[in-house]
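Okay, so here's the structure we're looking at.
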Amino acid sequence: MLPKSCVPVTASGYHSRVASTPVADPAVIARAREIIGRESAAFAARTPRSAGWLTEARTRMPDGVPMSWMAALQRHPPVVAVRGAGPRFWDLDGNAYLDFNVADQSMAAGFAAPPIAAAIARQAELGNHFLLPTAEAIDVCRLLTVQFGLPQWQFTLSASGANTDALRLARVATGRPTVLIFDGKYHGHVDQILWSSREDRSGGAGAHGLEADALGLDPESGRHVDVLTYNDPAALRARLARGDVAAVLLEPAMTNCGLVLPQPEFVAALNADVRAAGALLIVDETHTQFAVYGGGTRRFGFEPDMVTGGKGIGGGIPIGVVGMTDALGGVMTGNLAYWPGLDETGDCHGVATGGTLYANAMSLSAARAGLAEIFTQAASDRVGDLGERLQRGLQAHVDRAGLPWTIDRLGGRVQWRLTREPPRTGADGFDSVVLPICDARKVFMANRGVWDAIAAAGPSVSYAAGPDDIDAYIAVAGEFLEALTASG
């Protein structure tokens, strides 16, 4: 089931550049298509109530879903979820699924995590929001500082909102307009950062301008953005030398095009050259903050001026976070919007940050519970051990099947890689996103009680998962690989 625009979608529901020349054996791809046919029929047979609900829902909602990604993130129809507990959720037909997608990192804590559920219940009795500070805010700031190092924090309702506010603050702090991002990234549904370079492997990123990642963007929104190649410090230095860059925004490890890890020389260039050029370094931890404690910022030694994230720290309660240096906190303090008394009219055009429901009491209470009681150093280490167990088990099945694939890992995030060499760039990473194989694995595993990650990502270990859950994924994946490599 392709979206109406007939282009593949990534883990975040927008246009991506999947492998133009698949690296997998054509015979394997042909078998994957056969598996899709068989398993799609089996999926339809086991989800009739979800299918009936969707039929009625299509009279009320486009594609029968309240948010488009729910239809677009897999090629088989979505199921209708009714409840979840720990690492599992159940659909309208009573089918149970072990969740290795963790709702694209928004449910990394697991479903109905007791500390977060209790915090939500308590806060609901006290009041959800006051448009005033609540005591939990300081605790959340302290817990975030322990993980990411930055001393001051602001809160939004999503990581997209966090990146928007961070970029606006960067423009005010530097007096410059341009933002640098990297091919293969995802930083949220924000017009300015939904752009990619036109693919040209001979000419390099940006050789022929930019193209939009999605429909409906302001065509002028890419005017002050440049898209570079990840892990290319020379290109970074050359672009910074033009002197107009406000911020460099990047993921510490790219996870929207497979798994692309930063090279040490790239990290060193970002830490030294961005600041030397008068720009700010913003590290977006949204998809890495649960893989390893302190995210990629700590794991790879980044020294950012700002960190953004959020998603699952509140167990699905909307939140985004922006961490910043004391100096940038001072810029915000000196440029408050709507601060009366600057002149007789009280008219003050401060930094364009904030929102009516931002930093609400419910979000902060849930986040405090998540950070203090679930996403701890010890728990992250345990998830990393489970990730290693998953990696080893999958690699054993891959080797047994005789496939030239490698299973990569960052803590609790694991990735199927179809190429022999580790990817260095977004284009390299997309070589492993071969949709027939991804789609066949997704529906095959769903029919056996495992909800796998979407096409551009690999399985993530829930903080509620245990060894038996990991072994269940490995066993079903082994069955899939047997079917994929069976002869005749």
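Residue-by-condition table, conditions (1) at negative phi; (2) touching a Cys at 6+ places or on another chain (Cβ under 6 Å); (3) not charged (D, E, K, R):
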position: Trp53; (1), (2), (3): yes, no, yes
position: Thr59; (1), (2), (3): yes, no, yes
position: Gly64; (1), (2), (3): no, no, yes
position: Ser68; (1), (2), (3): yes, no, yes
position: Ala71; (1), (2), (3): yes, no, yes
position: Val80; (1), (2), (3): yes, no, yes
position: Gly84; (1), (2), (3): yes, no, yes
position: Arg88; (1), (2), (3): yes, no, no
position: Asp91; (1), (2), (3): yes, no, no
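Could you please let me know if Val79 is touching a residue at least 24 places away in the same chain (Cβ under 8 Å), assigned to a helix (DSSP H, G or I) and of a type in the set (Val, Ile, Thr)?
The answer is no for Val79.
Taking the stretch 95-126, which residues are among the small types (Gly, Ala, Ser) and more than 23 Å from Trp69 (Cα to Cα)?
Ala113, Ala117, Ala118, Ala119, Ala121, Ala124
Condition check ((1) open to solvent by less than 10 Å² (accessible area, probe 1.4 Å); (2) in a loop (DSSP other than H, G, I, E, B); (3) in contact with a Gly (Cβ under 9 Å, 6 or more places away or on another chain); (4) of a type outside the set (A, V, I, L, M)) across all residues:
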| residue | (1), (2), (3), (4) |
| --- | --- |
| Glu421 | no, yes, no, yes |
| Ala453 | yes, yes, no, no |
| Ala457 | yes, yes, yes, no |
| Ser462 | yes, yes, yes, yes |
| Ala465 | yes, yes, yes, no |
| Ile474 | no, no, yes, no |
| Leu481 | yes, no, no, no |
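Which one is nearest to Ala235 (Cα to Cα), of the residues in the stretch 271-291 that are of a type in the set (Asp, Glu) and either open to solvent by 10 Å² or more (accessible area, probe 1.4 Å) or in a loop (DSSP other than H, G, I, E, B) (or both)?
Kept after step one, since they are of a type in the set (Asp, Glu), are these residues of the stretch 271-291: 273, 284-285.
Those left that are additionally either open to solvent by 10 Å² or more (accessible area, probe 1.4 Å) or in a loop (DSSP other than H, G, I, E, B) (or both): 273, 285.
Numbers: Asp273: 12, Glu285: 23 Å.
Among them, the one singled out is Asp273.
State all residues of the stretch 366-383 that are acidic (Asp, Glu) and either within 13 Å of Gln147 (Cα to Cα) or under 21 Å from the mean Cα position of the chain (by Cα) (or both); if no residue qualifies, say none.
Scanning the stretch 366-383 gives a single hit, Asp381.
Among the residues of the stretch 339-347, is there at least one that is at positive phi, surrounded by fewer than 17 Cβ atoms within 10 Å (Cβ to Cβ) and among the aromatic types (Phe, Trp, Tyr)?
No, every residue in the stretch 339-347 fails to be at positive phi, surrounded by fewer than 17 Cβ atoms within 10 Å (Cβ to Cβ) and among the aromatic types (Phe, Trp, Tyr).
Looking at Ala124, Ala109 in this structure, which one is of a type in the set (Gly, Ala, Ser), at pLDDT 95 or above, part of a helix (DSSP H, G or I) and closer than 20 Å to Leu157 by Cβ?
So the residue among Ala124, Ala109 that is of a type in the set (Gly, Ala, Ser), at pLDDT 95 or above, part of a helix (DSSP H, G or I) and closer than 20 Å to Leu157 by Cβ is Ala124.
Given the criteria surrounded by fewer than 22 Cβ atoms within 10 Å (Cβ to Cβ), in a helix (DSSP H, G or I) and out of contact with any Asp or Glu (no Cβ under 6 Å at 6 or more places or on another chain), does Arg400 qualify?
yes
Among the residues of the stretch 442-451, write down those that are touching a residue at least 40 places away in the same chain (Cβ under 8 Å) and either open to solvent by 10 Å² or more (accessible area, probe 1.4 Å) or in a helix (DSSP H, G or I) (or both).
Lys442, Val443, Phe444, Ala446, Asn447, Gly449, Trp451
Provide a single number: the residues in the stretch 123-144 that are of a type in the set (Gly, Ala, Ser) and closer than 8 Å to Ala361 by Cα.
1
Scan (1) in contact with a helix residue (DSSP H, G or I) (Cβ under 9 Å, 6 or more places away or on another chain); (2) hydrophobic (A, V, I, L, M, F, W, C); (3) under 22 Å from Ser158 (Cα atoms); (4) open to solvent by less than 50 Å² (accessible area, probe 1.4 Å) for the single condition Leu98 breaks and write down its number.
With respect to (1) in contact with a helix residue (DSSP H, G or I) (Cβ under 9 Å, 6 or more places away or on another chain); (2) hydrophobic (A, V, I, L, M, F, W, C); (3) under 22 Å from Ser158 (Cα atoms); (4) open to solvent by less than 50 Å² (accessible area, probe 1.4 Å), Leu98 is out only on (3).
Tell me yes or no: at least one residue of the stretch 424-441 is part of a loop (DSSP other than H, G, I, E, B), open to solvent by 10 Å² or more (accessible area, probe 1.4 Å) and among the acidic types (Asp, Glu). Please lay out each step first, then the result.
Quick first cut of the stretch 424-441, residues part of a loop (DSSP other than H, G, I, E, B) only: 424-425, 431-434.
Keeping just the survivors that are open to solvent by 10 Å² or more (accessible area, probe 1.4 Å) gives 424-425, 431-432.
Those left that are additionally among the acidic types (Asp, Glu): 431.
So far as the stretch 424-441 goes, yes, one or more of its residues are part of a loop (DSSP other than H, G, I, E, B), open to solvent by 10 Å² or more (accessible area, probe 1.4 Å) and among the acidic types (Asp, Glu).
Among Asn101, Asn128, which is the only one that is touching a residue at least 12 places away in the same chain (Cβ under 8 Å) and under 17 Å from Ile313 (Cα atoms)?
On the way: Asn128 fails: under 17 Å from Ile313 (Cα atoms).
Unique residue meeting the criteria: Asn101.
His129: surrounded by fewer than 20 Cβ atoms within 10 Å (Cβ to Cβ), touching a Phe, Trp or Tyr at 6+ places or on another chain (Cβ under 8 Å) and assigned to a loop (DSSP other than H, G, I, E, B), yes or no?
In short, no.
Quick check, is Leu169 of a type outside the set (Val, Ile, Thr), modelled with pLDDT of 95 or more and buried (at least 24 other Cβ atoms within 10 Å of the Cβ)?
yes
Can you tell me which residue within the stretch 292-329, out of those that are open to solvent by 40 Å² or more (accessible area, probe 1.4 Å), modelled with pLDDT of 95 or more and in a helix (DSSP H, G or I), is farthest from Ser365 (Cα to Cα)?
Looking at residues that are open to solvent by 40 Å² or more (accessible area, probe 1.4 Å), modelled with pLDDT of 95 or more and in a helix (DSSP H, G or I), I get Phe300.
Go through the residues of the stretch 407-426 one by one and say whether even a single one is out of contact with any strand residue (DSSP E or B) (no Cβ under 7 Å at 6 or more places or on another chain), among the small types (Gly, Ala, Ser) and modelled with pLDDT of 95 or more.
yes
Of the conditions (1) outside any helix (DSSP H, G or I); (2) closer than 21 Å to Pro177 by Cα, Leu236 clears all except one; give me its number.
The one condition Leu236 does not meet is (1).
Cβ contacts < 7 Å: first residue in contact (Cβ under 8 Å) with a residue 60 or more places away in the chain and of a type outside the set (A, V, I, L, M, F, W, C), restricted to the stretch 358-372; second residue open to solvent by less than 20 Å² (accessible area, probe 1.4 Å) and part of a helix (DSSP H, G or I), any location; separation 6+ or different chain. Result?
Ser363/Gly314; Ser365/Ala119; Ser365/Gln123; Arg368/Ala119; Arg368/Val140; Gly370/Ile116; Gly370/Ile313; Gly370/Gly314
If Gly216 satisfies every condition in (1) in contact with a Leu (Cβ under 7 Å, 6 or more places away or on another chain); (2) among the small types (Gly, Ala, Ser); (3) without any contact (Cβ under 8 Å) to a residue 40 or more places away in the chain but one, which is the exception?
Checking Gly216 against (1) in contact with a Leu (Cβ under 7 Å, 6 or more places away or on another chain); (2) among the small types (Gly, Ala, Ser); (3) without any contact (Cβ under 8 Å) to a residue 40 or more places away in the chain, the one that fails is (1).
The values are calculated or read from the model by the stated rules, or taken from the named source; none is laboratory data. Just so it is clear, the model here is predicted, and its values are computed rather than measured. Counting neighbours? That spans all protein chains shown, and the Cβs are built from the backbone with ideal geometry, glycine included. Note: areas computed on protein heavy atoms with side chains; ligands, DNA, RNA excluded. Shrake-Rupley method; radii C 1.70, N 1.55, O 1.52, S 1.80 Å.
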